């Protein structure tokens with residue numbers, strides 16, 4: 001059966017909150033040949049539930065331009081612009097949600113998305129990658145557990161969790177296949193536990209490779225930043241020491257900052273390591289494919305150790321991942337953090353694994 005078979009007449013509504021989610025919706029649409037050239041009323045409408053963070057908003061606007069270039073409709077929602085914004089957003093989207101034949105979403109852990117899921121009756125639901133969190137989502141769905149992000153500290157649910165629990169439970173049902181509902185996970189992540197009835201489709205980053213590159217490759221090394229400090233998992237001083245050691249050992253000259261990394265932290269990194277700090281205007285998969293990019297890309301456990309080898313397939317770029325030493329974890333880190341991060345590294349394909357660097 002061709003990728004287009006069975007899609008005629010479907011209208012797809014996609015919800016994204018980050019640049020990577022939007023990229024992966026474009027990859028899904030490319031793989032499934034979903035576009036404006038289909039039957040009248042079919043195609044893809046991308047709804048951007050815009051966050052407040054300026055860096056994320058900037059990348060999302062650039063990605064929205066690429067989506068429009070592909071012929072998709074883009075609807076930008078100031079979903080967090082004040083107390084009344086969620087009510088206006090949900091009220092405005094309700095008719096679209098009820099009419100959509102297929103819902104695509106990038107973050108099943110998002111309370112915003114979970115609330116929107118309770119409105120739709122779409123017979124098809126697709127979850128595209130939101131980074132390594134997809135691995136945890138699929139495992140939790142397979143085990144019938146409540147949806148909780150991996151880096152959240154264990155223990156009893158808080159008051160807000162208890163208030164939102166009925167909505168979360170209903171959303172989880174919408175993400176569970178039934179006789180009248182098909183659920184697909186479109187992912188570049190390794191998925192070991194596949195929930196019953198869920199279709200898993202591999203994301204090979206074919207759209208990225210077809211639109212960008214091949215890149216010019218430099219002789220040096222580039223280092224990829226992470227938001228593990230910002231999420232409270234890794235101690236900031238230990239992280240700085242690790243970056244400094246990696247840069248010195250491997251001759252890295254550039255540091256590609258994660259969009260959540262703060263200016264103060266990045267200023268300290270530049271001062272202590274001599275690295276050139278780069279604030280990408282697009283997801284790193286597109287930046288690397290566009291080039292120039294170092295012959296070696298150094299990373300800590302994160303999504304890019306899975307996605308960059310796919311995006312850079314056919315090039316001579318080597319992706320190397322450095323383990324997180326248990327001593328780097330903060331006291332507030334989730335008990336699951338070390339095992340999850342080790343799993344991210346251990347399941348990565350086509351990467352060179354480095355032992356964790358010792359503090360200087």
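Calculate, in nm to one decimal, what residue 325 and residue 313 gain on full extension: separation in residues at 0.36 nm each, minus their alpha carbon distance.
Result for the pair: 1.4 nm of gain on full extension.
Which value, in Å³ per residue, describes the convex hull spanned by the Cα atoms of the chain?
So the per-residue hull volume is 137 Å³.
How big is the Kirkwood radius of the stretch 11-203, worked out from every pair of different alpha carbons and given in Å to one decimal?
Kirkwood hydrodynamic radius for the stretch 11-203: 17.0 Å.
Calculate, in nm to one decimal, what residue 162 and residue 206 gain on full extension: separation in residues at 0.36 nm each, minus their alpha carbon distance.
11.7 nm
For the stretch 213-354, report the % of Cα-Cα distances exceeding 20 Å. Display every interim value, and only then the final one.
On the way: 4372 of 10011 pairs.
Percentage above 20 Å: 44.
With labels modelled as points extended 7 Å from the Cα through the Cβ direction, what inter-label distance (nm, one decimal) is found for residue 218 paired with residue 121?
5.6
Kindly put 199, 118 in sequence by how many other C-beta atoms sit within 10 Å of each C-beta, fewest to most.
Values: 199 13, 118 16.
Sorted ascending by nearby Cβ count, the order is 199, 118.
Rounded, prolate or oblate: pick one for the stretch 205-268, where a ≥ b ≥ c are the square roots of the eigenvalues of its C-alpha gyration tensor, a/c under 1.5 means rounded, and failing that, prolate if a/b is larger than b/c, else oblate.
oblate
For the stretch 139-289, state the average projected area of the convex hull of the C-alpha atoms over all orientations, rounded to one decimal in nm².
12.7
Give the order of 303, 83 when sorted by the count of other beta carbons within 10 angstrom, beginning with the fewest.
83, 303
Run the helix sum for the chain: -39,500 (n - 2.57) per DSSP H stretch of 4+ residues, divided by residue count, reported at 222 nm to the nearest 500 deg cm²/dmol. Could you put the intermediate results ahead of the total?
Values: 12 runs with 135 residues, N = 360.
So the helix-based figure for the chain works out to -11500 deg cm²/dmol.
Going 7 Å from the Cα of residue 336 toward and past its Cβ, which residues in the stretch 116-145 have a backbone nitrogen under 19 Å from where you end up?
Inside the label zone: 127-145.
Fully extended, how many nm does the chain gain between residue 272 and residue 182 (0.36 nm per residue separation, minus their Cα-Cα distance)? The partial results should precede the final answer.
Numbers: separation 90, 0.36 × 90 = 32.40 nm, distance 5.13 nm.
In short, 27.3 nm is gained.
Separation between the residue 230 and residue 248 pseudo-spin-labels, each 7 Å from Cα along Cα→Cβ, expressed in nm?
Simple spin-label model gives 2.8 nm for this pair.
To check you understand DSSP bridge types, tell me what percent of the beta bridges within the chain (both residues inside) are antiparallel, rounded to 5.
Values: 2 of 50 bridges.
About 5 percent, rounded to the nearest 5.
For a footprinting-style exposure proxy, rank 84, 204 by other Cβ within 10 Å, fewest first. Intermediate results must be reported in sequence, preceding the final value.
Values: 84 8, 204 15.
Lowest count first: 84, 204.
Write down the percent of antiparallel bridges among all DSSP beta bridges whose residues are both part of the stretch 11-203, to the nearest 5. Working shown, then result.
Details: 1 of 30 bridges.
Antiparallel bridges make up about 5 percent of those DSSP assigns within the stretch 11-203.
At 7 Å along the Cα-to-beta-carbon direction for both residue 264 and residue 169, put a label point, then send me their distance in nm to one decimal.
4.1
Read-outs: derived from the displayed coordinates by stated rules, not from any lab. Please read all numbers here as calculations on a predicted model, not as lab measurements. Cβ: placed from backbone, ideal geometry, glycine included. Neighbour counts: every protein chain shown.
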